[in-house]
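Asks: Sharing a structure, written as structure tokens. Questions coming.
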């Protein structure tokens, strides 16, 4: 098992990326190819005392894609960008999967361009794990496809189900269509057209429409929505968590000595909860629909998040998520052709 | 000042609705017309010792609209429904505003049918107040318009600005377009087409695109989005709050005696914060764009929420929000006609 890691992508690159890779080698006994500026990566590795570990391989790339760059332009012009080189290592078969905490748009374009789409899938989607009361719900799409079509949403349901089954081990995962009401007739034209398609979709355990409040309660294992909606929901959750944490801190600070003492006493219990809700424990978000394993990490990923994401990449490859998606869509097309013949 | 209250709408109707009306009469020295089953309302009023208060008027209505009913069908067939009668009291000039915690769809249909739209406004939208770090942000639309057009979103911006200015007293309120990135070219076709229209909109202090994470931080005073997105965001926030509260309670319960003691000590500070974040303090959501004041309350509204919502209705009427919207759209049409003539 060998995973290519874009060492230059992310707010804390290359330091936290290299640290995460080192942790992953220890934890998963895998090979990691760190792609990027050799000197910088070497310097970071030296600090960890793992510079000569044979499982940590440096692959030099002279360029890096910045966050503000136009994805397509960047991929076209920076042929020696760490992300491009890392993705091509999967294409050539040298690596089993690729991971980046850099620009999501660029990672998506690189995957589409070099790994290509799985035949029969129109567009790739990003599946983001969200902690719920029961466990994890997979939200897709989280921003790869805006202006998605009902067909895209149906493909997401199939791909999300496969990921949820093979990586999280959820048997027959429940799929919910994110809407503003439970009835089949609710919502905008897009979801209204998607509902009957999901009801008929093969390999999809469709439980109907779910509402915003049903996401955290864990009503569905796989939550399907347009990338515009999914991205807003995710970033809203992020902002809410940050704001709430700040407000609680301020309230305790202004609450006097007893509130401060109380906070100290209650902290161990809350820290345990915080770990369960900490998204960096769940690793990155797989880009589903492309021919190969590609994991997208949050820009602010620290070493722990990178290490978890490498774990997700390994599970993806080991359980052949891409292969299962390929089989499912091929079978579906076969069925469609059969029914046309009849 | 006289507000018509649908006494039969809401999960806790009529008891909490009547209690809220009683509180409002004490607090705002206004008249409240309680519309619904006379016997039931009388029984609730008797419990409060305010049965003979001249500011609490009962207006009998023999029917009530249930939550599951089709809005248009219900309004058409139940001519003596409390919501219908209450809305007509505004149309006839007997009341200055109407308020309901029943079906949002039915309240919207009733307002459109009996109060009519303001000339020049295509569709009404619901503006929901959300607590932020700084104060309150107004999110619209929260579910009245799915499949909105750029024109609808631009009208929302104007109407939300007027409400924010005249009811919250925010001078030149900042308007943000909810999107998945800050750049003008980001997002789906709808928001891309809306951006230039908002830039040119009169009476709108457009600050550009904002992301989901910017809502709780209070970057904008008025957040503009399609009703499908707004409704999902709102319900997600609601669900997240409930789930988080439950998880924290469980964590403290399982955290042993020290965690429990800590929770007791920290509670007063958190309760103060909770009151600031409690949406029932902010009252209901105005339905903007119709000819008259119509306030929609959450189905689970308690007496406090109803009382606050009556306060919002009073502010709406006192500051002539409807008149200001009417003037703004009339001026805009005038300008459009002028430029056509030139």
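The values are calculated or read from the model by the stated rules, or taken from the named source; none is laboratory data. In this text, all values refer to a predicted model and were calculated from it rather than measured experimentally. Here the Cβ is made from the backbone with ideal geometry for all residues, glycine too, and neighbour counts use every protein chain on show.
Asks: Residues of the stretch B:266-288 being at pLDDT 80 or above and within 22 Å of residue B:99 (Cα to Cα), which ones?
Replies: B:284, B:285, B:286, B:287, B:288 - these are the residues of the stretch B:266-288 that are at pLDDT 80 or above and within 22 Å of residue B:99 (Cα to Cα).
Asks: Looking only at residues in the stretch B:172-184 that are more than 9 Å from chain A (Cβ to nearest Cβ) and either in contact with a helix residue (DSSP H, G or I) (Cβ under 7 Å, 6 or more places away or on another chain) or not in a loop (DSSP other than H, G, I, E, B) (or both), which one is farthest from residue A:142 (Cα to Cα)?
Replies: Here the residue is B:173.
Asks: What residue, of B:38, B:66, B:44, is without any contact (Cβ under 8 Å) to a residue 60 or more places away in the chain and exposed (fewer than 15 other Cβ atoms within 10 Å of the Cβ)? Before the answer, list the steps.
Replies: Values: B:38 fails: exposed (fewer than 15 other Cβ atoms within 10 Å of the Cβ); B:44 fails: exposed (fewer than 15 other Cβ atoms within 10 Å of the Cβ).
Among B:38, B:66, B:44, only B:66 is without any contact (Cβ under 8 Å) to a residue 60 or more places away in the chain and exposed (fewer than 15 other Cβ atoms within 10 Å of the Cβ).
Asks: Scan the stretch B:285-333 residue by residue and report those that are within 18 Å of residue B:118 (Cα to Cα), out of contact with any strand residue (DSSP E or B) (no Cβ under 8 Å at 6 or more places or on another chain) and part of a loop (DSSP other than H, G, I, E, B).
Replies: B:319, B:320
Asks: Among what's in the stretch B:262-281 and is within 7 Å of another protein chain (Cβ to nearest Cβ) and within 27 Å of the chain's Cα centre (by Cα), pick the residue that is farthest from residue B:311 (Cα to Cα).
Replies: The selected residue is B:270.
Asks: On to the next question. Could we say that residue A:108 is within 30 Å of residue A:31 (Cβ to Cβ), part of a helix (DSSP H, G or I), within 14 Å of chain B (Cβ to nearest Cβ) and in contact with a strand residue (DSSP E or B) (Cβ under 7 Å, 6 or more places away or on another chain) here? Please lay out each step first, then the result.
Replies: Values: within 30 Å of residue A:31 (Cβ to Cβ): yes; part of a helix (DSSP H, G or I): yes; within 14 Å of chain B (Cβ to nearest Cβ): yes; in contact with a strand residue (DSSP E or B) (Cβ under 7 Å, 6 or more places away or on another chain): yes.
So residue A:108 passes the test.
Asks: Further question: Scan (1) within 19 Å of the chain's Cα centre (by Cα); (2) touching a residue at least 60 places away in the same chain (Cβ under 8 Å) for the single condition residue A:147 breaks and write down its number.
Replies: All conditions pass for residue A:147, except number (1).
Asks: Only one of these is under 30 Å from the mean Cα position of the chain (by Cα) and surrounded by 19 or more Cβ atoms within 10 Å (Cβ to Cβ): A:236, A:245. Name it. Steps first, answer last, please.
Replies: Numbers: A:245 fails: surrounded by 19 or more Cβ atoms within 10 Å (Cβ to Cβ).
Within the list A:236, A:245, the selection yields A:236.
Asks: Taking the criterion of being under 23 Å from residue A:298 (Cα atoms), part of a loop (DSSP other than H, G, I, E, B) and modelled with pLDDT of 95 or more, would at least one residue in the stretch A:44-60 satisfy it?
Replies: No, the stretch A:44-60 has no match at all.
Asks: If you don't mind, another one. In the stretch A:131-147, which residues are farther than 24 Å from residue A:241 by Cβ and surrounded by fewer than 18 Cβ atoms within 10 Å (Cβ to Cβ)?
Replies: Answer for the stretch A:131-147, where residues must be farther than 24 Å from residue A:241 by Cβ and surrounded by fewer than 18 Cβ atoms within 10 Å (Cβ to Cβ): just A:147.
Asks: Within the group B:227, B:160, B:187, B:212, which residue is buried (at least 18 other Cβ atoms within 10 Å of the Cβ), farther than 25 Å from residue A:69 by Cβ and within 11 Å of chain A (Cβ to nearest Cβ)? Quick ask: steps written out before the conclusion?
Replies: Working: B:160 fails: within 11 Å of chain A (Cβ to nearest Cβ); B:187 fails: farther than 25 Å from residue A:69 by Cβ; B:212 fails: farther than 25 Å from residue A:69 by Cβ.
From the options B:227, B:160, B:187, B:212, the qualifying one is B:227.
Asks: Could you tell me how many of the residues in the stretch A:230-243 are within 7 Å of another protein chain (Cβ to nearest Cβ) and in contact with a helix residue (DSSP H, G or I) (Cβ under 9 Å, 6 or more places away or on another chain)?
Replies: Result for the stretch A:230-243: 9.
Asks: If you check residue A:88 against the conditions, is it over 20 Å from the mean Cα position of the chain (by Cα), in contact (Cβ under 8 Å) with a residue 12 or more places away in the chain and crowded, with 17+ Cβ neighbours inside 10 Å?
Replies: Working: over 20 Å from the mean Cα position of the chain (by Cα): no; in contact (Cβ under 8 Å) with a residue 12 or more places away in the chain: yes; crowded, with 17+ Cβ neighbours inside 10 Å: yes.
Against the criterion (over 20 Å from the mean Cα position of the chain (by Cα), in contact (Cβ under 8 Å) with a residue 12 or more places away in the chain and crowded, with 17+ Cβ neighbours inside 10 Å), residue A:88 does not qualify.
Quick grid of which residues meet (1) in the same structural domain as residue A:212 (by TED's automatic domain parsing); (2) crowded, with 23+ Cβ neighbours inside 10 Å:
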| position | (1), (2) |
| --- | --- |
| A:102 | no, yes |
| A:149 | yes, no |
| A:156 | yes, yes |
| A:165 | yes, no |
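Asks: Does residue A:324 qualify as being surrounded by 14 or more Cβ atoms within 10 Å (Cβ to Cβ), within 14 Å of chain B (Cβ to nearest Cβ) and over 30 Å from residue B:255 (Cα atoms)?
Replies: Details: surrounded by 14 or more Cβ atoms within 10 Å (Cβ to Cβ): yes; within 14 Å of chain B (Cβ to nearest Cβ): no; over 30 Å from residue B:255 (Cα atoms): yes.
No, not satisfied.
Asks: Run residue A:247 past the list (1) under 19 Å from residue A:141 (Cβ atoms); (2) out of contact with any strand residue (DSSP E or B) (no Cβ under 8 Å at 6 or more places or on another chain); (3) within 7 Å of another protein chain (Cβ to nearest Cβ) and report the number of the one that doesn't hold.
Replies: (1) is the only condition that residue A:247 fails.
Asks: Continuing with this model, one more query. I'd like to know if the stretch A:144-156 contains one or more residues that are modelled with pLDDT of 95 or more, in contact with a helix residue (DSSP H, G or I) (Cβ under 6 Å, 6 or more places away or on another chain) and assigned to a strand (DSSP E or B).
Replies: No, every residue in the stretch A:144-156 fails to be modelled with pLDDT of 95 or more, in contact with a helix residue (DSSP H, G or I) (Cβ under 6 Å, 6 or more places away or on another chain) and assigned to a strand (DSSP E or B).
Asks: Condition test on residue A:135, is it over 14 Å from the mean Cα position of the chain (by Cα), more than 16 Å from residue A:65 (Cα to Cα) and more than 14 Å from chain B (Cβ to nearest Cβ)?
Replies: Details: over 14 Å from the mean Cα position of the chain (by Cα): yes; more than 16 Å from residue A:65 (Cα to Cα): yes; more than 14 Å from chain B (Cβ to nearest Cβ): no.
Judged against the criteria, residue A:135 is not a match.
Asks: Here's another thing I want to ask about it. What number of residues within the stretch B:14-33 satisfy the criterion of being closer than 17 Å to residue B:304 by Cβ and outside any helix (DSSP H, G or I)?
Replies: Initially, the stretch B:14-33 is screened for residues closer than 17 Å to residue B:304 by Cβ, giving B:14-28, B:30, B:32.
Then keep just the ones that are outside any helix (DSSP H, G or I); that gives B:14, B:30, B:32.
Of the residues in that region, 3 qualify.
Asks: If we keep just the residues of the stretch A:294-307 that are more than 11 Å from the chain's Cα centre (by Cα) and under 19 Å from residue A:138 (Cβ atoms), which is surrounded by the most Cβ atoms within 10 Å (Cβ to Cβ)? Break it down stepwise before answering.
Replies: Going through the stretch A:294-307, the residues more than 11 Å from the chain's Cα centre (by Cα) turn out to be A:299-307.
Checking which are under 19 Å from residue A:138 (Cβ atoms) leaves us with A:301, A:305.
Values: A:301: 28, A:305: 25.
Across the stretch A:294-307, the extreme among qualifying residues is A:301.
Asks: Just a yes or no: is a residue in the stretch B:251-261 within 14 Å of another protein chain (Cβ to nearest Cβ), assigned to a loop (DSSP other than H, G, I, E, B), over 30 Å from residue B:120 (Cα atoms) and more than 15 Å from the chain's Cα centre (by Cα)?
Replies: Looking for residues that are within 14 Å of another protein chain (Cβ to nearest Cβ), assigned to a loop (DSSP other than H, G, I, E, B), over 30 Å from residue B:120 (Cα atoms) and more than 15 Å from the chain's Cα centre (by Cα), one finds at least one in the stretch B:251-261, hence yes.
Asks: Which of the residues spanning the stretch B:193-232 are free of Cβ contacts under 8 Å to residues at least 24 places away in the same chain, assigned to a helix (DSSP H, G or I) and closer than 21 Å to residue A:139 by Cα?
Replies: Within the stretch B:193-232, the subset free of Cβ contacts under 8 Å to residues at least 24 places away in the same chain is B:195-196, B:199-200, B:213, B:232.
Keeping just the survivors that are assigned to a helix (DSSP H, G or I) gives B:195-196, B:199-200, B:232.
If the condition is that a residue be free of Cβ contacts under 8 Å to residues at least 24 places away in the same chain, assigned to a helix (DSSP H, G or I) and closer than 21 Å to residue A:139 by Cα, then B:232 is the only one that fits.
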